[in-house]
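Chemist: Take this structure, written in structure tokens, and hold onto it; I'll ask about it next.
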Amino acid sequence: MSGAPDVYATARRGLATRLAGPLAVRARRRRYETFSRALGLSPGDRVLDVGCGAGGLPALGASQEVVGLDLRAQPSYAGELVVGDARAMPFADGEFDVAYCNSLIEHVDPVDRPLVAAEIRRVARRWFVQTPNLWFPIEPHVLLPGYQLLPERAQRRLAPLGAAGDYERIRLLDRAELQRLFPEAAILRERVGPLTKSLMAIGPSDAVDAS
């Protein structure tokens, strides 16, 4: 498998990012293995990489036909890229066998999340949606403990101390919200010891392997 990109490559460099970077890379590799197994990927599947960013699935070694969707042009993306909005995807119903959405939904305004969820379920027959867990003690974007539970005013004050440096309005999800967005899904947990670090909605539940 190709090396997963460092998700903290553009973050403020420091002890937190030096420790978190390798852990995040390993987590993405394991997540890709879970994605491949649970959705029963086959070489002929056509896969939509929702909110792909610069690396996405091609950087993880995906061998299927992959189409990336992102709000911005991503010149380094190795697959076909479509610039578009996940709230209104420029694709036909059922155009893809599988949709993959990694660490995107928490960046979407809560009011718009049902639109994104509905579009993922519309354009793909099977889907995998991952998001950091609200109740994990370290917020993964700024790498500060408990940051995600603070009011916005406090977050704005603390953001310059975190890995990101600048404030971005991110609202993490818990299991209940993810299940409401994807009612036909099985919810898998990605753990660090006894703690749930991330949540993964895979579905529809009768078309995937949630074991």
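The values are calculated or read from the model by the stated rules, or taken from the named source; none is laboratory data. Since we're looking at a predicted model, the values are computed, not measured. Every residue, glycine as well, gets a Cβ built from its backbone with ideal geometry; the counts of neighbours run over all protein chains shown.
Chemist: So, in the stretch 27-50, of the ones that are of a type in the set (A, V, I, L, M) and assigned to a helix (DSSP H, G or I), which residue ends up modelled with the highest pLDDT? So that I can check it myself, show each step before the final result.
Modeler: Looking only at the stretch 27-50, we keep the residues that are of a type in the set (A, V, I, L, M), and these are 27, 38-39, 41, 47-48, 50.
When the remaining residues are screened for being assigned to a helix (DSSP H, G or I), the result is 27, 38.
Values: Ala27: 81, Ala38: 96.
Among those residues, the one meeting the criterion is Ala38.
Chemist: Is it the case that some residue within the stretch 92-110 is outside any loop (DSSP other than H, G, I, E, B), touching a residue at least 24 places away in the same chain (Cβ under 8 Å) and among the charged types (D, E, K, R)? Walk me through it before giving the result.
Modeler: Here is the first cut: in the stretch 92-110, the residues outside any loop (DSSP other than H, G, I, E, B) are 96-102, 105-107.
With the extra rule that they be touching a residue at least 24 places away in the same chain (Cβ under 8 Å), the set shrinks to 96-102, 105-107.
Filter again for among the charged types (D, E, K, R), leaving 97, 106.
The answer is yes, given that some residue of the stretch 92-110 is outside any loop (DSSP other than H, G, I, E, B), touching a residue at least 24 places away in the same chain (Cβ under 8 Å) and among the charged types (D, E, K, R).
Let's see how each residue does on (1) farther than 25 Å from Ser205 by Cα; (2) surrounded by fewer than 16 Cβ atoms within 10 Å (Cβ to Cβ):
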| position | (1), (2) |
| --- | --- |
| Leu104 | no, no |
| Leu134 | no, no |
| Gln148 | yes, no |
| Leu161 | yes, yes |
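Chemist: For Gly53, indicate whether it is touching a residue at least 60 places away in the same chain (Cβ under 8 Å) and assigned to a loop (DSSP other than H, G, I, E, B). Show your work before the answer.
Modeler: On the way: touching a residue at least 60 places away in the same chain (Cβ under 8 Å): no; assigned to a loop (DSSP other than H, G, I, E, B): yes.
No, not satisfied.
Chemist: With charged (D, E, K, R), closer than 26 Å to Leu188 by Cα and out of contact with any Leu (no Cβ under 8 Å at 6 or more places or on another chain) as the only criterion, which of Arg113, Arg157, Arg169, Arg87 stands out?
Modeler: Working: Arg113 fails: out of contact with any Leu (no Cβ under 8 Å at 6 or more places or on another chain); Arg157 fails: closer than 26 Å to Leu188 by Cα; Arg87 fails: out of contact with any Leu (no Cβ under 8 Å at 6 or more places or on another chain).
Only one candidate qualifies: Arg169.
Chemist: Ok, one more. Please tell me if Pro183 is at pLDDT 95 or above, loosely packed, with under 13 Cβ neighbours inside 10 Å, touching a Lys or Arg at 6+ places or on another chain (Cβ under 9 Å) and part of a loop (DSSP other than H, G, I, E, B). Walk me through it before giving the result.
Modeler: Working: at pLDDT 95 or above: yes; loosely packed, with under 13 Cβ neighbours inside 10 Å: yes; touching a Lys or Arg at 6+ places or on another chain (Cβ under 9 Å): no; part of a loop (DSSP other than H, G, I, E, B): yes.
It is false that Pro183 is at pLDDT 95 or above, loosely packed, with under 13 Cβ neighbours inside 10 Å, touching a Lys or Arg at 6+ places or on another chain (Cβ under 9 Å) and part of a loop (DSSP other than H, G, I, E, B).
Chemist: Of all residues in the stretch 155-179, which are over 18 Å from Ile105 (Cα atoms) and part of a helix (DSSP H, G or I)?
Modeler: Gln155, Arg156, Arg157, Leu158, Ala159, Pro160, Leu161
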